1. Run down Leu74, Leu88 and say which single residue is out of contact with any Ser or Thr (no Cβ under 9 Å at 6 or more places or on another chain) and surrounded by 14 or more Cβ atoms within 10 Å (Cβ to Cβ).
2. Which residue, of Gly32, Gly42, is farther than 16 Å from Ala237 by Cβ and either of a type in the set (Val, Ile, Thr) or assigned by TED's automatic domain parsing to the domain that holds Val97 (or both)?
3. Hey, can you tell me all the residues within the range 57-71 that are in a loop (DSSP other than H, G, I, E, B) and either surrounded by 14 or more Cβ atoms within 10 Å (Cβ to Cβ) or at pLDDT 95 or above (or both)?
4. Among residues belonging to the range 33-45 that are crowded, with 20+ Cβ neighbours inside 10 Å and of a type outside the set (A, V, I, L, M, F, W, C), point out the one that is nearest to Pro245 (Cα to Cα).
5. Only one of Ala5, Ala16, Ala52 is at pLDDT 95 or above, of a type in the set (Gly, Ala, Ser) and within 18 Å of Gly246 (Cβ to Cβ). Can you tell me which?
6. Since Arg76 meets every condition but one in (1) over 16 Å from Phe251 (Cβ atoms); (2) in contact with a helix residue (DSSP H, G or I) (Cβ under 6 Å, 6 or more places away or on another chain), which condition does it not meet?
7. Scan the range 230-245 and give yes if some residue there is in contact with a Gly (Cβ under 6 Å, 6 or more places away or on another chain), more than 30 Å from Val192 (Cα to Cα) and not assigned by TED's automatic domain parsing to the domain that holds Val175, otherwise no.
8. Select, from Val149, Val178, Val218, the only residue that is over 15 Å from Ile121 (Cα atoms), touching a strand residue (DSSP E or B) at 6+ places or on another chain (Cβ under 8 Å) and of a type in the set (A, V, I, L, M, F, W, C).
Amino acid sequence: MAITAEDICEYIESWAPVSWAEEWDRVGLQFGALGAPIKHLGLSLELTPKVASWMLERQVDCLLTHHPVFFRPLKRLLAEDPWEGMVLELIRAGKTVISYHTNLDAAPGGVTETLAEALGISCEAPLRPCSPEEPRAGLGRVGRCDPPVPLSEMARRLGSLIRAPVAVVGEEREVSRVALCAGSGWDLWPEVLSKGAEVFITGEVKHHAAREAEVTGVSLLVSDHFAMENFFWRRLARQVAEHFPGLTVSFFEESSPFKPHHIQGGG
């Protein structure tokens, strides 16, 4: 029996229901046909021109992304527009794109929890629960490292796992109670404080927020939004391939839009 895009949706939603997504989010089918049979499924954190070209070249029928294609409603699709033209080209080629975002952030075994556990953090609860029926579901995680680890060691572990530089806010010390949100998580700061975390690990923090953390005494480990979420997406590609053994599953290793620049010389 042929596998369809709808089968992929049903599998993801069986452990990361759409009801766990934030109200503003745009999850599920982005464009294409749910019922069309697929032979080749691609995964990438988001749709970019490089990913679109790869889909066409490698004959990828359906793409599963984390970041939705459409965050805001479109009023038109113009071929002359670089972004809209790329979407039109994929639609004309019969491609399908599905996105699952904050429901996968919230899910047990999802984006944030997977990274936390890989860092050696025993998760206790979400920072912001989203489901009375599933107490483990929600945005962010708080948990413990046992035994405690130096802040610098936690930064080293994070950088090694996600393959990206890590910025540290706060003095060197041993930390045991850790809060984490892969991606952009500063709106969870009140919960970080109320849960008594000693360090908060996340993917985006503004300058004044970092100063606020200094005043409160909570350390920060801040790295690349893309890299923190891409860690899970690589694992999800393997997970989907195991669940659908008759399906060709490929992962596109896109890179972050932010590239570190190493200055030579100086004095």
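The values are calculated or read from the model by the stated rules, or taken from the named source; none is laboratory data. If you're wondering where the values come from, they're calculated on a predicted model, not measured in any experiment. Note that we place each Cβ from the backbone using ideal geometry, even for glycine, and neighbour counts take in every protein chain shown.
1. So the residue among Leu74, Leu88 that is out of contact with any Ser or Thr (no Cβ under 9 Å at 6 or more places or on another chain) and surrounded by 14 or more Cβ atoms within 10 Å (Cβ to Cβ) is Leu88.
2. Just one listed residue meets the conditions, Gly32.
3. Answer for the range 57-71, where residues must be in a loop (DSSP other than H, G, I, E, B) and either surrounded by 14 or more Cβ atoms within 10 Å (Cβ to Cβ) or at pLDDT 95 or above (or both): Arg58, Gln59, Val60, Asp61, His66, His67, Pro68, Val69.
4. Of everything passing the filter in the range 33-45, Gly42 is nearest to Pro245 (Cα to Cα).
5. After applying the criteria, what remains is Ala5.
6. Here Arg76 clears every test but (2).
7. Scanning the range 230-245, I find no residue that is in contact with a Gly (Cβ under 6 Å, 6 or more places away or on another chain), more than 30 Å from Val192 (Cα to Cα) and not assigned by TED's automatic domain parsing to the domain that holds Val175, so the answer is no.
8. Going through Val149, Val178, Val218 in turn, just one is over 15 Å from Ile121 (Cα atoms), touching a strand residue (DSSP E or B) at 6+ places or on another chain (Cβ under 8 Å) and of a type in the set (A, V, I, L, M, F, W, C): Val218.
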